[in-house]
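Comments concern the structure below.
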């Protein structure tokens, strides 16, 4: 999902700021940035920046509405944000055209409640298939601009940017698992009905 | 007296200030909110020391006393401090533990990610057993639940389209007057999934969401006004 | 080369400078921001705009953006900008071959506001909702006869604890991945207190693995007090309320390990849960424990319903403290909540009716649709 979105952004020459709400999630972002930036000849600091992780969760989401530097004075390597030309103009949500959150339910909810409702930030949510149903209500109420739901959403996005990747490769496995689950449910229910009749 | 009422006054005062700060961007209120949030971020960062203390103490005692399973505790403590060491080393040597060529990143890529993925993957097995219990056709409601679940599952994957194409072909064979192309384009499973998600599911979700928001406000008010005190020690 | 020059001269002759440069203090903020807008009479062949600022006339103008912007609006929130200082601006428009400047405009002064008028809707709603809550709270002080409906999940606590005691097995309680700032964790604390009080009475071991150190400390305090209140402080063991990890699946693995080793008779899942909910609840189910769950994370409710014996849905967990300690003043907030819910149902139904009628009678009665849109727009957050 992240790789497909980064490809889309870099293809359109958009500047990317990456941050993480979970310390252990951030390296995945760094790996993806490193991979995709190479494909599009993008340069760190000029086209994208990784501002890392800071504790604070929702406090951070609200804080960025005022000034991003209150929480992120430097990038993840300790380089001051103002040393990157495009970051000098970025202060709060007003300077961020689109917020893409790849998160589980509660974190996405918090972005919508704090960044979206409070600061009118345009948001796209990418989440697991389990969390996608919960996001439909935000989507239909136009509280989020887009929704990328689970592996299926990721593979659709890969198709959109015309570069099939891991998600598209995973779809046959997902199809098989779903079909298997349905078959097992049918067999299980036949057994259940027969056992009820016996009683 | 102050031991009990002091925290309550602090809670009330902080809440009141933050509510005021929400509507007043001017100093000192606008700054005040950011200051509070910064304090919270700092405190929440330091609390991990508490966790480290609890975890290390619990397992070190187990190792020293040679309690049952002490070897696993030894493994845990070694892993804990080993990860900490490589994290710090990577931080000093490579400016960040998450630098792509740092040893910590090696640990992350080849140990943490596979372990997490394995644990997440076990969910597939648990889903099978839970799904069977949830989707037993005990009554009409459970049967409807089963049908809806199957529709969503098929609508979510490409095999749903293939199955629907097969069903369309079958319908066309039985009723030759029907247009096969139009039938195929219907994509029944995907359409049913979208409808189920966007209408009944979202409606129920919003209902629960509104209830949760109101419950949250009521709970906050009880805390702010000092009616709810269970989070305080007496 | 000469051909390029010719085209360049031709194009430069066609560029018109930006007009109507409007400068104003950015409204509803904490100062240090100036909003700039302009009109560009020509859109063809333009590659972008650059904004220049000076703090005096005549003075040195500095470019605010190195890369050209495409729109005709700009918010100058540069870190060097100060409140109370007059600033002057001009815009330079660029084509592929040339650039033209607008006339200098100014002065403009930035300042902080004392009230964010964009948040009037929030203020009105906050006054109405909190006013109603406080009204019912005050009324509850004089009204001792208040009713709260049965919550099966909370009634089942004693049954679950009784069963664990009979089987001589420990009891496990988990807040999931919740933080102390999560309302659901605070709502689960009275339930933990009740459980701890009973386990102290029955001399049953209570295990509380935690994913957040602050939650762990609060849980330790709560359990310790419950044990002291029950007259069994000797049974309290801090090691039973420990920190596992803040990592999601690490926590799930740790809790699963505890469940399989200790085989608790009763398990309480009350807090914030994500994808690990089913992994843990199914493990609990596999060892035959009686399980009770409650979370505000609605996506996990179906999994808990499938794997647990009792599940508290939606705001039921928030009502726990009122249910376990049904004092009139506590129940007053529940009554207020119900009344606001009733008002919201009326508001939503009437707005839906108005919107539908507005759409159906778009030609005959356009005011219906306008009224509907006015209501919808009023609720939309501005900033």
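Remarks
- Note on the stretch A:15-31: residues that are in contact (Cβ under 8 Å) with a residue 24 or more places away in the chain, outside any strand (DSSP E or B) and touching a helix residue (DSSP H, G or I) at 6+ places or on another chain (Cβ under 9 Å) amount to 6.
- Residue in the stretch C:285-294 that is in a helix (DSSP H, G or I) and either within 22 Å of the chain's Cα centre (by Cα) or in contact (Cβ under 8 Å) with a residue 12 or more places away in the chain (or both) present: yes
Per-residue answers, yes or no, for (1) buried (at least 23 other Cβ atoms within 10 Å of the Cβ); (2) farther than 23 Å from residue C:160 by Cα; (3) more than 8 Å from chain B (Cβ to nearest Cβ); (4) modelled with pLDDT under 95:
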residue: C:208; (1), (2), (3), (4): no, no, yes, no
residue: C:214; (1), (2), (3), (4): no, yes, no, yes
residue: C:219; (1), (2), (3), (4): yes, no, yes, yes
residue: C:234; (1), (2), (3), (4): no, yes, yes, yes
residue: C:243; (1), (2), (3), (4): yes, yes, no, yes
residue: C:255; (1), (2), (3), (4): yes, no, yes, no
residue: C:272; (1), (2), (3), (4): yes, no, yes, yes
residue: C:278; (1), (2), (3), (4): yes, no, no, yes
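Residues are listed down the side, and each one gets a yes or a no for (1) modelled with pLDDT under 90; (2) out of contact with any helix residue (DSSP H, G or I) (no Cβ under 7 Å at 6 or more places or on another chain):
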residue	(1), (2)
B:129	yes, no
B:132	yes, no
B:137	yes, no
B:140	yes, yes
B:148	no, no
B:151	no, no
B:159	yes, no
B:166	no, yes
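- The residue pairs whose first member lies in the stretch B:210-234 and is in the same structural domain as residue B:8 (by TED's automatic domain parsing), whose second member is buried (at least 20 other Cβ atoms within 10 Å of the Cβ) and not in a helix (DSSP H, G or I), and whose beta carbons are closer than 9 Å, counting only pairs six or more residues apart or on different chains, do not exist in this structure.
- Residues of the stretch C:105-133 that are surrounded by 15 or more Cβ atoms within 10 Å (Cβ to Cβ) and free of Cβ contacts under 8 Å to residues at least 12 places away in the same chain: C:123, C:126, C:130.
- Only residues that are assigned to a loop (DSSP other than H, G, I, E, B) and at pLDDT 85 or above were counted across the stretch C:82-97, and they come to 5.
- Counting the residues of the stretch C:340-383 that are over 26 Å from residue C:119 (Cα atoms) and either surrounded by 15 or more Cβ atoms within 10 Å (Cβ to Cβ) or touching a strand residue (DSSP E or B) at 6+ places or on another chain (Cβ under 9 Å) (or both) gives 2.
- Which numbered condition residue A:100 fails, given (1) within 30 Å of residue C:32 (Cα to Cα); (2) in contact with a strand residue (DSSP E or B) (Cβ under 6 Å, 6 or more places away or on another chain); (3) within 11 Å of another protein chain (Cβ to nearest Cβ): (3)
- Taking the conditions (1) over 14 Å from residue B:154 (Cα atoms); (2) assigned by TED's automatic domain parsing to the domain that holds residue A:13 in turn, residue A:152 satisfies each one other than (1).
- When A:165, A:150 are checked against the criterion of being within 11 Å of chain B (Cβ to nearest Cβ), touching a helix residue (DSSP H, G or I) at 6+ places or on another chain (Cβ under 8 Å) and either under 25 Å from residue A:39 (Cβ atoms) or without any contact (Cβ under 8 Å) to a residue 24 or more places away in the chain (or both), A:150 stands alone in meeting it.
- Filter result for residue C:156 (in a helix (DSSP H, G or I) and under 24 Å from residue C:211 (Cα atoms)): no
- The numbered conditions (1) touching a strand residue (DSSP E or B) at 6+ places or on another chain (Cβ under 8 Å); (2) within 11 Å of another protein chain (Cβ to nearest Cβ); (3) part of a helix (DSSP H, G or I) are all true for residue C:178 except (3).
- Remark: residue C:259 matches the filter, which requires a residue to be away from chain B (no Cβ under 11 Å), in contact with a helix residue (DSSP H, G or I) (Cβ under 9 Å, 6 or more places away or on another chain), farther than 14 Å from residue C:308 by Cα and buried (at least 21 other Cβ atoms within 10 Å of the Cβ).
- Cβ-Cβ contacts under 8 Å between residues 6 or more apart (or on different chains), taken from a first residue in the stretch A:69-81 that is away from chain B (no Cβ under 11 Å) and touching a residue at least 24 places away in the same chain (Cβ under 8 Å) to a second residue that is assigned to a loop (DSSP other than H, G, I, E, B) and surrounded by fewer than 17 Cβ atoms within 10 Å (Cβ to Cβ), are listed as A:81/A:73.
- Any chance residue A:95 is out of contact with any strand residue (DSSP E or B) (no Cβ under 8 Å at 6 or more places or on another chain) and at the interface with another protein chain (Cβ under 10 Å from one of its Cβ atoms): no
The values are calculated or read from the model by the stated rules, or taken from the named source; none is laboratory data. The shown structure was predicted, so the numbers you read here are calculated from the model rather than taken from an experiment. Glycine also receives a Cβ, built like all others from the backbone with ideal geometry; neighbour counts cover every protein chain displayed.
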